[in-house]
Every structure is written in C-alpha cells, then in structure tokens.
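Worksheet: the structure to be examined is printed underneath.
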Amino acid sequence: MQVSKRKKIVYAVVGTSLMAGTAVGGHAAVSHAEGSKIRTGTVMTKSDPLSVRSGPSTDEARVGSLKKGAKVKITCRTKGQWVKGTRSTTNWWDKIGPGKYVSHAYIKTNLWIPVCKGSGSTNGSLPKAPRNNPHPSAMSQAPNLTERAAHVRKEMAKAFPGIQCDVSAYRPGQKSDHNSGNAIDCFPGRFGVFPKGATKKEGDQAAAWLRKYAGKLDVQYVIWQNKIWNKKPGLNEKGWREHRHAGQVTLGHYDHLHISVTAPVQY
Ligand SMILES: [Zn+2]
C-alpha cells in the first residue's frame, strides 16, 4: 500500500518545450479584478511548462501546457492523482476550463477554491505524516505566532492546501491561546458558513490527521464541529467531546478548526 502509493506520486511537468506553441490561458485571466468570483493562480514550475490534462491525472490526455508564471483562471478543485510539485505534494487538481485540469502542486494562489460539484470520490486516506515539530514551547503575542504554531501552520498548508489557516488578532481581556501565538484557525470553506459535502469531509480529514499526528506536531487540542479533542492524559482517551456552542457557526467551530499547540501556559 505504502509503496504503490509512493509510486503514484509523479512529476507533472513536461521536460521539453515541445508544447510551447500550444500554450493556453496565460493572460486571459489577468483582466479579472480580485475579489470577483473568478479565482486566479500562478504557475510555479521551475522552468518547464506545466501540462494541462483532460482529467485530474497525468494518465489523462495532455490538452495543452502553461508556461512558468502564467496566470490561470481556476473554476474549482477536485481530487485525483497525487503529484509532487514545487509548491506541495497533493492530490488536488485545479479545473481551469471545461476538460482542462492542472495539478495544484504547481499552482500558487492565496484564494480559497471551491470543490468541483459532482467530483464525488473523496479519497478516504489521510495525507502523509508531517515533519516533527522541532520548536520548543514558547509564548508570543498575537498576531505573531510562536515557531511551534507556525510549524503546524506550514505542515497544514502542505497536507491540506485547500484549507486556509489564519493567525488571529489579539483579543484584549480574553484568555486565549491565540493571544500567546499558540493557536491557529483553519477554514476548509468560508467564514460564517456551515461546511457541507466535500468541504466538510476535508475538515473531518484534517481533524483526524491532526489528532493522529498530534505528537509529531505538538498539537495540544483541536476544536471542530463543536467537538473538542485534547491530547492531555485523562482527556485523550475520551476522544471527541461535545464543546460549548452547539449550532453557532463560528463560536461552535463549525466553519473552522481551532488548533492549539502545547505551550508553557495553556488557556
Ligand atoms: Zn481559534
């Protein structure tokens, strides 16, 4: 299982400039204003063009290519073949037009991309293990993260590129791990919206992955879907426990995962 999976990670870049004459996209999306429903990304290959495929896999027909630095208009994302790229190792593919897909492993974008409708087959397996957290427990002050929390943020971005993790603002008068830079909030979907379908499933996967690798990541507790799991002995064994704000989208952590790392003082 492990071996065959690793073999499936491929490089989607074409090694030649053969396809240069058929480059698609490029400047087409540049004119769209940011903040509109059109999401743009940038091709971040080392130098080679990036293949455009008719489906989310390098086994699908090559229907074009994109030069390094090209801007692409991303409609939505869907799961497919695992690809190791310059930005991440991921099985997310970005749909950039009807029958046109590029591996998200080579795409830079700061925008949240919706999951393609009807793309169904969400892979049930979790992303690979994160790197061990090498940073000692520490205190900082929001919006600055401790290095320990920043490590979790970085590993989350690699494992779940579709999930946006934010550093919180300082919250005066409140006890919060955010204030000491030891917590991040991660949104699989949109702020203030109950996630559904594949978006909810991705949040579930992230929660499972964080719990599984809490030791490696130095994660202390996670809140998601108004459930809290805490690594602390005595609580760990209880699994996911009901939290405090049932039915409230943000307070109940339905729209985001709260992740606290272990810290000298835990709030
Ligand atoms: Zn939080």
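Looking across the range 219-238 at every residue that is in a loop (DSSP other than H, G, I, E, B) and under 26 Å from PHE191 (Cα atoms), the one that is farthest from the chain's Cα centre (by Cα) is identified as ASN226. Every listed requirement among (1) away from the ligand (no atom under 16 Å from the Cβ); (2) on the phi > 0 side of the Ramachandran plot; (3) crowded, with 19+ Cβ neighbours inside 10 Å is met by TYR213 save one, (2). Among the conditions (1) more than 14 Å from the ligand (Cβ to nearest atom); (2) part of a helix (DSSP H, G or I), VAL152 misses just one, which is (1). Taking (1) surrounded by 20 or more Cβ atoms within 10 Å (Cβ to Cβ); (2) within 30 Å of VAL43 (Cβ to Cβ) in turn, ALA150 satisfies each apart from (1). Looking only at residues in the range 85-118 that are charged (D, E, K, R) and outside any strand (DSSP E or B), the one that is modelled with the lowest pLDDT is LYS117. Taken together, the criteria place TRP240 among residues that are more than 14 Å from the ligand (Cβ to nearest atom), more than 18 Å from THR146 (Cβ to Cβ) and touching a strand residue (DSSP E or B) at 6+ places or on another chain (Cβ under 6 Å). State all residues of the range 136-149 that are assigned to a loop (DSSP other than H, G, I, E, B) and aliphatic (A, V, I, L, M); if no residue qualifies, say none. Answer for the range 136-149, where residues must be assigned to a loop (DSSP other than H, G, I, E, B) and aliphatic (A, V, I, L, M): ALA138, MET139, ALA142, LEU145. Taking the range 38-84 as the region of interest, the strands (runs of 3 or more DSSP E) fully inside it that hold 1 or more residues being under 22 Å from the mean Cα position of the chain (by Cα) and modelled with pLDDT of 95 or more are 39-43, 50-53, 71-74.
Would you check if there is a residue in the range 123-131 being under 17 Å from the mean Cα position of the chain (by Cα), modelled with pLDDT of 95 or more and within 13 Å of the ligand (Cβ to nearest atom)? Checked the range 123-131: no residue is under 17 Å from the mean Cα position of the chain (by Cα), modelled with pLDDT of 95 or more and within 13 Å of the ligand (Cβ to nearest atom). For beta carbons closer than 7 Å, sequence separation of 6+ or different chains, a first residue in the range 60-85 that is under 14 Å from LYS46 (Cβ atoms) and a second that is of a type in the set (Ser, Thr, Tyr) and not in a strand (DSSP E or B), the qualifying pairs are LYS68/THR45; LYS68/SER47; LYS84/TYR11; GLY85/TYR106.
Of a type outside the set (S, T, N, Q) and under 18 Å from the mean Cα position of the chain (by Cα): is that true of GLY192 in this structure? In short, no.
Scan the range 252-267 residue by residue and report those that are at pLDDT 95 or above, surrounded by fewer than 17 Cβ atoms within 10 Å (Cβ to Cβ) and either among the polar types (S, T, N, Q) or within 13 Å of the ligand (Cβ to nearest atom) (or both).
Result: no residue meets the conditions.
Looking only at the range 168-196, count every residue that is assigned to a loop (DSSP other than H, G, I, E, B), within 10 Å of the ligand (Cβ to nearest atom) and not charged (D, E, K, R) and tell me the total. The qualifying residues number 3. Would a scan of the range 197-204 turn up a residue that is within 21 Å of the chain's Cα centre (by Cα), assigned by TED's automatic domain parsing to the domain that holds SER176, within 16 Å of the ligand (Cβ to nearest atom) and not in a loop (DSSP other than H, G, I, E, B)? Yes, the range 197-204 contains a residue that is within 21 Å of the chain's Cα centre (by Cα), assigned by TED's automatic domain parsing to the domain that holds SER176, within 16 Å of the ligand (Cβ to nearest atom) and not in a loop (DSSP other than H, G, I, E, B).
Given the criteria crowded, with 16+ Cβ neighbours inside 10 Å and touching a Ser or Thr at 6+ places or on another chain (Cβ under 8 Å), does ILE184 qualify? So ILE184 passes the test.
The values are calculated or read from the model by the stated rules, or taken from the named source; none is laboratory data. The model shown is predicted, which means the values in this text are computed figures rather than measured ones. Cβ atoms come from the backbone with ideal geometry, glycine included; neighbour counts cover every protein chain shown.
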